[in-house]
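Only the coordinates and a few stated rules stand behind these numbers; no lab work does. The shown structure was predicted, so the numbers you read here are calculated from the model rather than taken from an experiment. Here the Cβ is made from the backbone with ideal geometry for all residues, glycine too, and neighbour counts use every protein chain on show.
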């Protein structure tokens, strides 16, 4: 999942050049994403991973690093799965 997200970010915001940003580095602080970029990233996440990101979930702690974004998506995917008895 992280590699897919990294690939999307590199191709769409870093012009295909992976500058080796760390998993805990802030997208906003590094200037990788702005508010428009965040919305494009949300559209990618929703389409690729089949989850819905609610307005109240649009928080830096969910979306501002590769690690936090992957954790957030994993949690959303887990909660979306039907309970198997």
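Can you tell me how many residues in region 1-31 are part of a loop (DSSP other than H, G, I, E, B) and over 12 Å from the mean Cα position of the chain (by Cα)?
The qualifying residues number 15.
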message = So for region 43-56 (the condition being in contact with a helix residue (DSSP H, G or I) (Cβ under 7 Å, 6 or more places away or on another chain), over 16 Å from residue 75 (Cα atoms) and surrounded by 14 or more Cβ atoms within 10 Å (Cβ to Cβ)), does at least one residue qualify?
response = yes
query = What is the number of the single condition among (1) without any contact (Cβ under 8 Å) to a residue 60 or more places away in the chain; (2) surrounded by 14 or more Cβ atoms within 10 Å (Cβ to Cβ) that residue 73 does not meet?
reply = (1)
Hits in region 47-58 (condition: closer than 19 Å to residue 3 by Cβ, in a helix (DSSP H, G or I) and free of Cβ contacts under 8 Å to residues at least 40 places away in the same chain) = 47
